[in-house]
Amino acid sequence: MQYVVAVDGSTEADQAVAYAATHAAGLGADLEVVHVVEPETELIDGEIVLPGADRATDIGEQVLNRARQRASDAVGDRDDLETDTTLLTGRPSDAIADYADRAGADAIYLGHRGLSAEREQVVGSVAKSVVDKATVPVTIIR
């Protein structure tokens, strides 16, 4: 079994990691922690460039490392939880649902609200979009 938990550095994402880690450890499942970097492109002199891509990658790796530690803390002394991390790019809901499908995940976990609360009011929440697009069960942690 494999569970995917999506993180963005928010408190809600931390709660989702702890919940998913506890479930995964209890069922002998592997845990894949994913973070999505949304590339912002600019057109400069006729070429598409990704300003700040290195910084975004560094921040994404930091978010993933913190989440991995959170998963470890959640299961305590139990060392039977296999936790991997993956940095994704694209629109978060698409990237999360597509990754879970490609990876053969059995479930997706994510927080009910992330760091983009202002954007969620305009275009709809990432959590809701993942539920709409996923082919596996989705658990939203509140």
If you line up the long axis of helix 92-103 against the longest principal axis of the chain, both from Cα atoms, how many degrees apart are they, to the nearest 10?
50 degrees
Taking Cα atoms only, helix 11-27 is inclined relative to the longest principal axis of the chain by an angle, in degrees rounded to 10, of 40 degrees
Net length gained if the chain between GLU61 and GLU82 were fully extended (0.36 nm per residue, minus Cα distance):
5.8 nm
Per DSSP helix of 4 or more residues, -39500 (n - 2.57); summed, then divided by the residues of the chain. What does that give at 222 nm, rounded to the nearest 500?
-15000 deg cm²/dmol
SER72 paired with ASP54, simple spin-label distance in nm, labels 7 Å along Cα-to-beta-carbon:
2.8 nm
Modelled FRET efficiency - R0 22 Å, ASP30 with THR89, Cβ distances, 0.05 increments
0.45
Exposure proxy check on SER125, SER93, SER72: fewest-to-most Cβ neighbours within 10 Å is SER72, SER125, SER93
For the chain, the longest principal axis of the Cα atoms and the Cα long axis of helix 53-75 enclose an angle in degrees, to the nearest 10, of 10 degrees
Over the range 1-103, what is the percentage of antiparallel beta bridges among all DSSP beta bridges, to the nearest 5?
20 percent
If amide H atoms are modeled at 1.01 Å from N in the peptide plane, then the residues at a separation of 5 or more from VAL36, or on another chain, having amide H under 5 Å from its own are VAL7, LEU88
If Lys and Arg each add +1 and Asp and Glu each add -1, what is the summed charge of the other residues whose beta carbon sits under 13 Å from the beta carbon of ASP30?
-4
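Could you work out the relative contact order of the chain? I mean the mean sequence separation of Cα pairs under 8 Å and 6+ apart, divided by the number of residues, in percent.
Contact order relative to length: 34 percent.
Every number here is computed from the coordinates shown, using simple stated rules; none is lab data. Quick caveat, the model's predicted, so the values are computed rather than measured. Every residue, glycine among them, receives a Cβ derived from its backbone with ideal geometry; neighbour counts consider all protein chains shown.
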